[in-house]
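Report on the following structure.
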Amino acid sequence: MEVRRRTFDSLGNELKCIDKTSFQAGMVKWLDERLNVSALMASLFAHPVPKRSNFLDYLGFATLFIFVSQAVTGILLAMVYKPSATDAYASIQALQASPVGNYVRSIHSWNANFMVILVVVHLLRVFYEGAYKRPRELTWVMGGVLFIGTLGSSFTGYLLPWDQEGYWATTVGSSMAGYVPGIGNFLVNVLRGGAQVTGTTLTRFYSGHMLVLPAIILLAFMPHFFFVLRQGMASTDELAKAQHRGEDISRKSSPFWPNVAFKMILLVFVVFIATWVLAGIYPKGLGAPADALNKMGYIPEPAWYFFGVYQFLKYFPGQLDVLGIVVIPIIFFAVFFALPWIDRNKSRNPRKRPFALGSAAFLVVGMIFLTYEGMSSVPTVLAAGVVDHPSYKKDVQPILKSKCVQCHVDMATYAKTLERVSAGKPEDSMLIKRINGSVEPVMPVLEPLSKDQIQTITNWVKDGAKKN
């Protein structure tokens with residue numbers, strides 16, 4: 001009896017296992033018939049990849065990881081943050097007071113920097129490989145939308161702490177929309193919710209940062225990812241053609257799983273460790289509270305990834321500012337999005353595309369140079385007191401750069417400043433009349449110069465307005 005009972009028990013267990021296995025197999029088959037899961041998994045894990053593949057091929061996946069990390073840390077920060085002009089700064093202070101809150105905010109800040117870098121390098125990599133060409137035109141276009149969405153997220157997030165840095169960077173950045181002919185004032189009012197940066201601006205930027213821009217990024221990413229799945233990576237095209245011809249590709253390819261997947265995971269792990277370590281060593285600080293009157297004389301400057309644009313605009317003074325702020329950017333993005341159709345060269349080989357790569361190299365080197373120049377041109381903190389016989393470079397130019405060039409970019413140069421003065425005659429100089437209030441409106445509009453600063457510039461004009 002005992003032996004027979006054990007036999008029946010064993011048989012029952014086997015039948016249960018068979019039923020369980022059959023049920024699982026049935027569920028997999030049911031899902032596969034409706035969602036084509038097997039084809040999706042094959043496209044993700046079973047496709048061959050060239051052995052020459054490297055980490056640069058998977059920058060897009062690393063960017064996705066950073067975006068997910070941004071979403072998670074952003075949600076955590078939103079639990080404490082209060083998007084109003086009266087409470088925003090205090091809520092960030094509360095985050096700073098907590099070691100965990102401060103660390104999460106620092107990770108969010110470093111992730112923003114990494115995401116900009118990864119998106120730009122990924123786009124350059126795609127361009128170098130010629131992966132924007134047919135049949136991947138729409139993949140490139142969606143990548144461009146992701147690029148703009150990333151920059152927009154960085155720009156809108158800058159204001160949220162409601163400190164001097166974010167306030168004045170937003171004031172300067174949003175004012176550029178005013179240069180668009182015909183609708184400039186309308187665009188500024190849409191961005192700011194009024195003529196000036198106020199609590200309404202903060203609310204709008206918070207909505208854009210938390211809702212609108214993430215939605216745009218997701219809506220662009222989904223077709224972007226779908227195109228990559230359907231078309232494969234450009235680096236696999238030659239393998240696919242050889243395989244279609246019936247050639248043996250085993251010697252020049254590796255399976256994506258696990259060989260290449262390991263490289264991808266390793267890259268994500270390195271990016272993950274880098275952001276977390278940097279957030280611990282260099283935590284995100286918090287400046288003084290936003291002050292529309294700028295009583296402390298804060299010198300506005302953009303985020304580092306906008307310094308190149310900031311410097312570029314200095315070369316378009318006076319009536320040429322529309323060219324630098326509106327016309328050239330429109331032309332750039334029009335060419336950028338139309339590139340797959342403009343570039344008629346069918347070859348993707350970098351050696352056979354000297355003009356395209358040369359043009360891109362010129363733009364990249366130029367932007368690096370402009371970024372360096374922009375960072376180097378940030379004026380230092382001004383010394384207090386009147387200078388009896390001031391030097392232009394040491395005493396006058398720093399005042400002009402800190403107070404005037406945010407709206408009058410041409411005043412960063414001596415030649416354009418000299419056009420506004422009558423050497424030796426302060427009373428006849430329009431610059432002096434503007435800054436001392438004898439001619440309206442008083443400049444700068446937001447905060448007049450101090451009496452010491454006005455007198456220092458007046459003394460410089462009285463001495464002959466020399467470039468010394």
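The values are calculated or read from the model by the stated rules, or taken from the named source; none is laboratory data. From a predicted model like this one, the values you see are computed outputs, not experimental measurements. We place every Cβ from the backbone using ideal geometry, glycine too, and count neighbours over all the protein chains shown.
Side notes on the structure shown:
- Just one of the numbered conditions (1) buried (at least 18 other Cβ atoms within 10 Å of the Cβ); (2) modelled with pLDDT under 80; (3) not β-branched (Val, Ile, Thr) is not true of Cys407: (1).
- Test: residue in segment 223-237 that is within 25 Å of Ser402 (Cα to Cα), at pLDDT 90 or above and assigned to a helix (DSSP H, G or I): no
- Some residue of segment 160-181 being farther than 24 Å from Thr73 by Cα, surrounded by 20 or more Cβ atoms within 10 Å (Cβ to Cβ) and aromatic (Phe, Trp, Tyr): yes
- From the list Thr139, Thr236, Thr150, the lone residue that is in contact with a Pro (Cβ under 8 Å, 6 or more places away or on another chain), of a type in the set (S, T, N, Q) and closer than 30 Å to Pro350 by Cα is Thr236.
- Annotation: of all residues in segment 304-360 being touching a residue at least 40 places away in the same chain (Cβ under 8 Å) and hydroxyl-bearing (Ser, Thr, Tyr), the one that is surrounded by the fewest Cβ atoms within 10 Å (Cβ to Cβ) is Ser347.
- Scanning segment 423-446 for residues that are surrounded by fewer than 17 Cβ atoms within 10 Å (Cβ to Cβ) and touching a residue at least 40 places away in the same chain (Cβ under 8 Å) gives Ala423, Gly424, Leu446.
- Taking the criterion of being at pLDDT 90 or above and on the phi > 0 side of the Ramachandran plot, the only residue of segment 173-195 that qualifies is Gly193.
- Within the option set Thr156, Thr170, being at negative phi, of a type in the set (Ser, Thr, Tyr) and in contact with a Leu (Cβ under 6 Å, 6 or more places away or on another chain) holds for one residue only, Thr170.
- When restricted to residues that are in a helix (DSSP H, G or I), under 39 Å from the mean Cα position of the chain (by Cα) and among the aliphatic types (A, V, I, L, M), segment 424-468 contains 4.
- Pair list, Cβ under 8 Å, 6 or more apart: segment 263-278 residue at pLDDT below 95, other residue surrounded by 14 or more Cβ atoms within 10 Å (Cβ to Cβ) and not in a helix (DSSP H, G or I): Lys263/Ser53
- Scope segment 361-380; condition over 19 Å from the mean Cα position of the chain (by Cα) and either in contact (Cβ under 8 Å) with a residue 12 or more places away in the chain or surrounded by 10 or more Cβ atoms within 10 Å (Cβ to Cβ) (or both); matching residues: Ala361, Phe362, Glu373, Ser377, Val378, Pro379, Thr380
- Of the helices (runs of 4 or more DSSP H) that lie entirely inside segment 110-221, those containing 2 or more residues that are under 30 Å from Ile281 (Cβ atoms), touching a residue at least 12 places away in the same chain (Cβ under 8 Å) and in contact with a helix residue (DSSP H, G or I) (Cβ under 9 Å, 6 or more places away or on another chain) span 137-159, 164-175, 199-207.
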